[in-house]
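All remarks here apply to the structure that follows.
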Number of protein chains: 4
Amino acid sequence: MKALAYGGPGKKAVEDRPKPQIKAPGDAIVKITKTTICGTDLHILKGDVPTCVAGRILGHEGVGVVDAVGAGVTAFKPGDRVLISCISSCGKCEYCRRGMYSHCTTGGWILGHLIDGTQAEYVRIPHAETSLYPIPAGADEEALVMLSDILPTGFECGVLNGKVAPGSTVAIVGSGPIGLAALLTAQFYSPAEIIMIDLDDNRLGLARQFGATHTINSADGKAAETVKTLTGGRGVDAAIEAVGVPATFGLCEDLVAPGGIIANVGVHGKKVDLHLERLWSHNIAVTTRLVDTVTTPMLMKTVQSKKLDPTRLITHRFKLDQILDAYDTFGRAAETHALKVIISA
Amino acid sequence: MKALAYGGPGKKAVEDRPKPQIKAPGDAIVKITKTTICGTDLHILKGDVPTCVAGRILGHEGVGVVDAVGAGVTAFKPGDRVLISCISSCGKCEYCRRGMYSHCTTGGWILGHLIDGTQAEYVRIPHAETSLYPIPAGADEEALVMLSDILPTGFECGVLNGKVAPGSTVAIVGSGPIGLAALLTAQFYSPAEIIMIDLDDNRLGLARQFGATHTINSADGKAAETVKTLTGGRGVDAAIEAVGVPATFGLCEDLVAPGGIIANVGVHGKKVDLHLERLWSHNIAVTTRLVDTVTTPMLMKTVQSKKLDPTRLITHRFKLDQILDAYDTFGRAAETHALKVIISA
Amino acid sequence: MKALAYGGPGKKAVEDRPKPQIKAPGDAIVKITKTTICGTDLHILKGDVPTCVAGRILGHEGVGVVDAVGAGVTAFKPGDRVLISCISSCGKCEYCRRGMYSHCTTGGWILGHLIDGTQAEYVRIPHAETSLYPIPAGADEEALVMLSDILPTGFECGVLNGKVAPGSTVAIVGSGPIGLAALLTAQFYSPAEIIMIDLDDNRLGLARQFGATHTINSADGKAAETVKTLTGGRGVDAAIEAVGVPATFGLCEDLVAPGGIIANVGVHGKKVDLHLERLWSHNIAVTTRLVDTVTTPMLMKTVQSKKLDPTRLITHRFKLDQILDAYDTFGRAAETHALKVIISA
Amino acid sequence: MKALAYGGPGKKAVEDRPKPQIKAPGDAIVKITKTTICGTDLHILKGDVPTCVAGRILGHEGVGVVDAVGAGVTAFKPGDRVLISCISSCGKCEYCRRGMYSHCTTGGWILGHLIDGTQAEYVRIPHAETSLYPIPAGADEEALVMLSDILPTGFECGVLNGKVAPGSTVAIVGSGPIGLAALLTAQFYSPAEIIMIDLDDNRLGLARQFGATHTINSADGKAAETVKTLTGGRGVDAAIEAVGVPATFGLCEDLVAPGGIIANVGVHGKKVDLHLERLWSHNIAVTTRLVDTVTTPMLMKTVQSKKLDPTRLITHRFKLDQILDAYDTFGRAAETHALKVIISA
């Protein structure tokens, strides 16, 4: 089968690989119909994720059709259409039983990382019964690809951890795909203000279309000041960090109101400064989270009931044999205005 | 009246001052029967709290007898015995209505800081109806002095923020009075393990008497390793920081399990490093809090029902005219083994 | 001044009364600009509320202008425009400190019940600082009249107690003003389905306009069956009882899914049957609540930010000297299609 | 093998049965070392549980040794010592993923009810990986038998649903095994008062030994009055119903304070009266729950750390071939003072 393989820092190629086989009773083989590319895939390609070794088939998102199942799988059968979670969850370990699937002792984020992933014709999914979700009849499969990772990430790590609530004020630092996913799902809770902060006016324009009540281009270094003005001097109840560098985290520390939360979503490569000499008495929380995808069933209901339209995040479409073009488009997002790209079988 | 006045960095003196007067309808004047000294008073004396100016009468803890009340005060009358909260709360502002009295827009921590405090014969208490608590008949007043600040601080900032729960594992970094207050109140929730970490073997000995299941002298730099061993490699569910320096906060970052909480109690003078390059995916929270004393009524119930014996924190007793000796004893705690000192009228 | 006085069961009259005076330091006198009539006022008139005695000026909702304040009131001054909460809250007692203002030991629901109310030119408001809310410049005062009682009631007793959540299913039994208030505020949380049940097709039509995803006329006795069909056999996560009779409570028992909540909003005059022989093992909760109006500040923010338009509940407008007509119109709601009526000074 | 079989209402017998076999990939066969009898077993024998048919081997509690596992089971192997949960949980269905194992779509309470149970030499356990728990080395197996059902039931349905908290007041109506299990586990949260109510002075004596702060024999019909006196007229924060008849539920309605919770644990055979004509405005909750055993891992930690000694509930011991005597002793508890009986292989 065809697959996009990581070849070590800076290298990727479409390769011919054997079709994956069932290895454990809980496995399923899924024929991929649609997948996408994640910012994390770009991180891997830069060499930022040393646990991902050369030769790995990338990709941890997608929908498809069950092709085969292991002896222990009763919930799915060949022919079933399924959504693949980016997080594999055994459903049995202490972490899974607490809903913290990201730390599953035999799962977590392994797809396209520690085992071969979804940017291929077929993928092997361990713990299939608790890592795949049946696709309702009539559902828009492109919409559901957004539920593999980006929407639960924005929602769980940003919106839920940030305790967004009716009437509250929210700032989202970073208006890329993940910040926009947080923006879309923050609106489930009817906050009074959602202030979107970025350096890219195009993305801020999108943010306004997606429901931001205010947008701030932080290039002038005055974003914190502007937010304070917009919030009567208090700052925001929830500051969602959706970039992953020290400067944007630092901005969140300046934005958060007493009693507020900094919900970190960004993937950080460096430590940050936490200004406890000021914040120790501000009654705040800083939260971190690798998405658990514990809200996937709920998000599917919001999509089915039209409370959420994930297709707004999709800007480009490719076939699997154009995946290198897809990477190129996604990798030059500032120019191409790409958010999420769909790659179809 | 006699009062202990701050004279600028490094200076304090017992001075003669006029008895305080009612200034606002919500005020009460309280004749102090017992007060104590807080680590924060030592910080002020070092010059670490620039918002506290020379001339200020120190002290934000104590019990006493109501001497006079303003026109708006109906809940108390002269002669009532009262516990003084270290936090003044108006009961009306948005923060007070949310239970975040520490950020009361006209109160918060003002006693012995922005207005004259309790280390005196009399003190003026603003917002008296919502900043004083009636002392039940027969209550041990020395015990209740511990409820002005130290026990709610350990409990709210450490135990509640740390979400200590039955069966959970807790590490408390710092076995001084505030760490011990967290230790005593953590036991309200029956955690499986409470690991106490300090550099002082005497204090660790006390911690064992107070209910710690394990104690670690961190002088050898191996505390994190030892905690990992004690917790099957996971780390602790709650790491309570009760010191306030970068090294101890850093230790908490090394101790906390995935899904756990670092509950900061310490007063920090410097920023700390937050290792998001590692912790971004650990599903943790870092919390900060200036005590709200919102749990004071509940803590009084636990004292009255003998679930908590705050007098275990009291090591020395002085009269008000010996308050300089009291400061000396409290200031040399490593030698004197002082925890909390009681100063009686 | 003119006032609508209760004259014992079945009797009411517009009377001339002396303008109220400040009685306690915490009082304010408010000149009413707009008030309304509540279903509870009709209950009083039927003689269903024996604690309300003849002679009482009715009304517990409204907005106005502060005319005078007591010696202890610093947060308001004459000329301030204010929203009156139906619940008087001292801000000091144990219940108020827990946010349960409805059970304030010297307040609660007293206006137009135990003390004279708002259907008059002026009203005396006890505990003014914690029972009045400043009206933001430019706010729509008619909209805010809906925040005195009906919207916080639907929201707190129905939506918050019912834990309405994104993707969840909700049934609201009773499509009168209070059920519609629950319907409007349930949408803060983006549930997947809101099923509205009533006997009146006009009200069900309104419910669809207000956002119900399904409506059921329960006249045929098959409402429970229909709800089961709509929910894949499970029943609803939240069943909100907004009528107050045994039959509608019983319907909620038939509608609620395992793990769900019956949030009672209705004012009941009789006991109901609780079918524990079936429900003991269904992991449900039944909640009751007299509105606390603890969410009033939050609801004001949602109105100011256009997340909620309370004027949709207003169907008729009268002047104070037409208040008997207003009662007539409101009392014959089935014919007049009245929801809430505004009575202006 | 020997097994205790239900023979229809009023009938039971020790019978010879074939050893159970693996039927599904997720099954395990467990050799029982210790089991016990539950009040529910007596209900079945009275004919109160029509879903349990004649021929069924009874019992849903116990510990044992894994004898065989199905093809899908990787977490356990023959020879492993295991605790059997009374609730079978697939770990995959929507209910299991929400932690509501009691409503598992292919599990729940099936052992000794819909499939053969543990009062036998061997038992087949479906969904073994998520329904069995490994027994730590050195653990007291008799203590752990109490974790199959009775302790999680008292804890989850009574203590957790009742939100028992430090300083709160609790009444437990019913001082039988389940009420005592609630009493033991309520102490995890250090409530100020635990008032135990029963008609049997022997059981009330035990309650005092087990930590009740007050006991009330309700024979005189004045229990509610006495509780009001003990609580300053308020009533209790949590009223735990541990009997299951209308009178005791009604007593809980009389005991609960405004803002409190009635946590139903009792298995009811009849509807009860819910006095909404009084309680609609009391801001209370009534909760029901079939135990989920979601807290079993946590309870094991509290046992291992000596915060809980479940053996206090064990009064008698028998061998499996004496199981009819065990039933006789347990069935005549008023005379024999039996709480829980251990039946060993």
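Read-outs throughout are calculated quantities, based only on the coordinates presented, and are distinct from any laboratory measurement. Note that the coordinates shown come from a computational prediction; the quantities given were computed from them, not determined experimentally. Methodologically, a virtual Cβ is constructed for each residue, glycine included, from the backbone with ideal geometry; neighbour enumeration extends over all protein chains shown.
Some notes on this structure:
- Cut-off under 5 Å, modelled amide H: who pairs with B:Leu290 long-range: A:His282, A:Asn283
- Sorted shortest first, the distances from the A:Arg278 label point to those of the same residue in the other copies are 2.6, 5.6, 6.0 nm; each point sits 7 Å from Cα along Cα-to-Cβ.
- The helix-only estimate of mean residue ellipticity at 222 nm for the protein assembly as shown, built from DSSP H runs of length n ≥ 4 each weighted as -39500 (n - 2.57), is -6000 deg cm²/dmol after division by the residue total.
- Listed residues C:Ala207, C:Val245, C:Ala181: farthest to the positive end of the dipole of the range C:154-287 (Cβ charges): C:Ala181
- Candidate cross-link partners of A:Lys19 among the aspartates and glutamates, defined by an alpha-carbon separation under 13 Å and a same-chain spacing of 8 or more, comprise A:Asp67, A:Asp116, A:Glu121.
- Taken about its Cα centre, the range B:29-167 carries a charge dipole of about 340 debye when Lys and Arg each add +1 at the Cβ and Asp and Glu each add -1 at the Cβ.
- Taking amide H as placed 1.01 Å from N in the peptide plane, the amide H of B:Ile216 sits under 5 Å from that of B:Met196, B:Ile197, B:Asp198, each at least 5 places away or on another chain.
- Inter-copy label distances at A:Glu121 (7 Å, Cα→Cβ; nm, one decimal): 5.5, 8.9, 9.6
- Magnitude of the charge dipole for chain D, about its Cα centre and with charges confined to Cβ atoms of Lys, Arg (+1) and Asp, Glu (-1), is about 560 debye.
- Dipole moment magnitude, nearest 20 debye, the range D:208-277 about Cα centre, only Lys, Arg, Asp, Glu C-beta charged: 180
- Taking A:Gly221, A:Gly331, A:Gly55 as the candidate residues, the one with maximal mean-square fluctuation in a Gaussian network model of chain A, Cα springs under 10 Å, is A:Gly221.
- Rounded if a/c under 1.5, otherwise prolate or oblate - the protein assembly as shown, Cα gyration tensor axes: rounded
- Chain B, closest residue to the rotation axis toward C, by beta-carbon, whole angstrom: B:Gly72, 1
- Calculated from backbone phi, Karplus (6.51, -1.76, 1.60) coupling profile of the range D:26-38 in Hz, x at Gly/Pro: x, 6, 9, 9, 10, 7, 6, 9, 9, 9, 8, 10, 10
- Stokes-Einstein diffusion for chain D, with the hydrodynamic radius set to the Kirkwood value over Cα pairs and evaluated at 20 °C in a medium of 1.002 mPa s, equals 105 µm²/s.
- A:Glu277/A:Lys163 FRET efficiency (R0 25 Å; Cβ-Cβ; nearest 0.05): 0.50
- Label point of D:Thr336 (7 Å along Cα→beta-carbon): distances to the other copies' equivalent points are 6.4, 7.1, 7.6 nm, sorted ascending.
- Gap separating the Cα centres of the range C:202-269 and the range D:308-339, nearest whole Å: 46
- Here the range A:116-192 and the range C:98-169 have alpha carbon centers that stand 37 Å from each other.
- Amide proton proximity set for D:Val236, modelled H, under 5 Å, gap of 5+: D:Val256, D:Ala257
- Remark: C-alpha extents of the range C:154-287 on the principal axes read 39, 30, 28 Å, sorted largest to smallest.
- Too-long pairs where the Cα-Cα distance tops 25 Å, listed order kept, from A:Lys46/A:Lys271; A:Lys228/C:Lys306; B:Lys222/D:Lys307; B:Lys77/B:Lys340; B:Lys46/B:Lys340; A:Lys228/A:Lys307: B:Lys222/D:Lys307; B:Lys77/B:Lys340; A:Lys228/A:Lys307
- With the convex hull drawn over the C-alpha atoms of the range A:213-345, the volume per residue is 167 Å³.
- Anisotropy class of the range A:108-216 from Cα gyration tensor, a/c 1.5 cut: prolate
- Rounded if a/c under 1.5, otherwise prolate or oblate - the range B:21-119, Cα gyration tensor axes: oblate
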